[in-house]
Amino acid sequence: MATLYSTHCRSFPSSSMSSNQSVSFPNRFFVNNVSFKSQTHLLQQISVHTQQQDGAIASSVIPVESNNIGKRLSPELLSVTSSTESQGEASFEKDVNGCTVSITVVGASGDLAKKKIFPALFALYYEGCLPEHFTICGYARSKMTDAELRNMVSKTLTCRIDKKENCSEKMDQFLKRCFYHSGQYDSPENFAALDKKLKEHEDGRTSNRLFYLSIPPNIFIDAVKCASLSASSGNGGWTRVIVEKPFGRDSESSAALTRSFKQYLTEDQIFRIDHYLGKELVENLSVLRFSNLIFEPLWSRQYIRNVQLIFSEDFGTEGRGGYFDNYGIIRDIMQNHLLQILALFAMETPVSLDAEDIRNEKVKVLRSMRPIKLEDVVLGQYKNHTRGDVVYPAYVDDKTVPKDSLTPTFAAAALFIDNARWDGVPFLMKAGKALHNKRAEIRVQFRHVPGNLYKRNFGADLDQATNELVIRVQPDEAIYLKINNKVPGLGMKLDRSNLNLHYAARYSKEIPDAYERLLLDAIEGERRLFIRSDELDAAWSLFTPVLNEIEEKKITPEYYPYGSRGPVCAHYLAARYNVRWGDLGLDVEQ
């Protein structure tokens, strides 16, 4: 299969690249407050060709003839600049030497930072996706030296399976860019000291600063206030803040959090991260739909019978019981991860790939959704279970969880979108912990074939003959379409087979972690995969009433054994809408 186009990552010239390489250079790093739409219009006039040479990336940037681009780009350097820059066109060298990015990981001693953020930053560095001048600073209350931080970080760094050359050397180069500063999250003085340290490493360059809040939500505001007032960029660069979920626990607390953020930051500076939006298959969802003619005509109530969004983990809370008990599975998974995927799946075609156009369409979907009724929700909580000689604990066996806790570890819900495209189509969500397997997938079940000539060959259960599109987000990423076909032979025996795109078999390149994509987007100012405040309001407006009703009525969850398929009532919920959960059978993927 031919490759339509090939580009390296949206890369900055990096010290890890050879000097004779030319690269595509994103202007978003250098220009503050330039819309992605204008950048897209400009970059559409540039053809980028990349080829692989002896393990190194050789890129060439070829300008397409255009009067407009000729005025904005230096023919020799092709340096992307903004029309809003009052000093006129800056040369490539000035851009590279005049700017720097300082990334501060607030909460650097925590698990998220160690397991996800630092490894993702190293992967970006290894791929040449970070600018030549950058600094990474860990900030936390723990007392630690630069050497101790580097030692901690080095234990979690790995190189791509398909790119092992110079791995140790690249790790050493990366770790030399990592520093540590100890301080309180609510101390302006400590953040002012951080600002002084960052300026030393920025060495007079225009500073662009990214703060990643890998801390508990109860100290978000203190950290944002101190970072904004005492450590933000003050010499013409940008300041951005990445905020991890949870974004509140209901509409009221979420709105209060947003109001507090906006006392110190503008909406454009706030990057609310949902790492599921950075997953490769979620990123591919709009490509699958909008760039393949065969799918768009089918993407409606006329052909789709139901849509299922399934999330399951084969382990319990294990160390997160105290946190989890305050939120539960609906707030932890359904209100954000699954609902965001649903909005991307169901949205109308956006005007463009501009972040605001895409997020506008997602908000329309969320605002069109019918309020969730309590009778359309099933709750569950895992109990202990013995399998062989192994005893698996119940949720309430966690020492950080109250013995009488009613917090659900499993939930299933039926949701509906009241618009012309999706009217009457049930969107079934299911999420749970301590289930029989680990998976996240979207299953699209199509309607039965009207007047099916071969219904006698399928017997009474026509569901067995239903076409189904499965998008497996994790693990073992794949997209496959279930079809009916004749088994070779003289008789008329029908079989169900899969047209399968298995990513590991099709692509040799290792799939980047979601945090890599999202961190790169935040550095470049690309907001398409981050959640806007009105999206958040619409999402909480949908779930808050039913969450309040569950807590006020003290609904007791159905108990299910650790390692099972979940509560039986989830099957009754699906059956009420004439649906069978698609993950119950074995998928044949040959």
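The values are calculated or read from the model by the stated rules, or taken from the named source; none is laboratory data. Every value quoted in this text rests on a predicted model; they were computed, and no experiment measured them. Because the Cβ atoms are built from the backbone with ideal geometry, glycine has one as well, and the counts that use them run over all protein chains shown. Please note that ligands, DNA and RNA were not included when accessible areas were found on the heavy atoms of the full protein model with its side chains. Shrake-Rupley method; radii C 1.70, N 1.55, O 1.52, S 1.80 Å.
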Ignoring ligands, DNA and RNA, what percent of the accessible area of segment 489-590 is carbon or sulfur (1.4 Å)?
56
Centroid-to-centroid separation of segment 136-210 and segment 480-556 [C-alpha atoms, Å]:
33
Could you check the simple spin-label distance between GLU296 and SER154, using points 7 Å along Cα→Cβ, in nm with one decimal?
5.3
Over the alpha-carbon set of segment 120-271, work out the extent along each principal axis and list the three values in angstrom, largest first.
51, 35, 31
Under the rule a/c < 1.5 gives rounded, and otherwise a/b versus b/c splits prolate from oblate, where does segment 391-448 land using the Cα gyration tensor?
prolate
Can you work out the FRET efficiency for the pair GLU375 and ARG141, with r the C-beta to C-beta distance and R0 = 45 Å, to the nearest 0.05?
0.45
Quickly work out the GLU552-to-LEU584 label distance, labels modelled 7 Å from Cα along the C-beta direction, and quote it in nm with one decimal.
3.4
Quick one: 3J(HN,Hα) in Hz for segment 193-209, Karplus 6.51/-1.76/1.60 with θ = phi - 60°, rounded, Gly and Pro as x.
5, 4, 4, 5, 5, 4, 4, 4, 7, 6, 6, x, 6, 4, 9, 10, 10
Placed amide H near THR135: partners under 5 Å, 5+ positions off or other chain:
VAL101, SER102, ILE103
Magnitude of the Cβ-charge dipole of segment 314-469, K/R +1 and D/E -1, about the Cα centre, nearest 20 debye?
240
Lys/Arg +1, Asp/Glu -1 at C-beta; segment 214-305 dipole; positive extreme among LEU293, GLY237, CYS226:
LEU293
About its Cα centre, segment 514-560 carries a charge dipole, from +1 on Lys and Arg Cβ atoms and -1 on Asp and Glu Cβ atoms, whose size in debye to the nearest 20 is 40
Could you report segment 317-464's accessible area per residue, 1.4 Å probe, as an integer in Å²?
43
Give the accessible area for ILE417 in Å² (nearest 10); use a 1.4 Å probe, count only protein heavy atoms, and leave out ligands, DNA and RNA.
0
Which value in nm describes the separation of the simple spin-label points at ARG320 and SER508, placed 7 Å from the Cα toward the beta carbon?
3.6
With +1 at each Lys and Arg Cβ and -1 at each Asp and Glu Cβ, the charge dipole magnitude of segment 305-387 around its Cα centre, to the nearest 20 debye, comes out at 300
Links exceeding 21 Å between C-alpha atoms in this model, out of LYS114/LYS225; LYS116/LYS170; LYS403/LYS553; LYS143/LYS197; LYS197/LYS225, come to LYS114/LYS225
Round to the nearest 10 and report in Å² the accessible area of SER154, as given by a 1.4 Å probe over the protein chains' heavy atoms.
40
In the structure displayed, which of LYS115/LYS364; LYS399/LYS554; LYS279/LYS364; LYS245/LYS509 lie more than 27 Å apart, Cα to Cα?
LYS115/LYS364; LYS245/LYS509
Expressed as a percent, the portion of alpha-carbon pairs in segment 309-467 spaced more than 18 Å apart is 68
Sorted by chain and then number, the residues having a modelled amide H within less than 5 Å of the amide H of LEU435, at least 5 places away or on another chain, are GLU313, ASP314, PHE315, GLY563
Under Karplus coefficients 6.51, -1.76 and 1.60, residue-wise ³J(HN,Hα) of segment 479-495 in Hz, glycine/proline x:
10, 9, 10, 7, 10, 9, 8, 8, 6, x, x, 7, x, 10, 9, 9, 9
Largest-first ranking of GLU132, GLU361 by accessible area, probe 1.4 Å, whole protein assembly kept, is GLU132, GLU361
Might you tell me the accessible area per residue for segment 524-590, computed with a 1.4 Å probe and given in Å²?
47
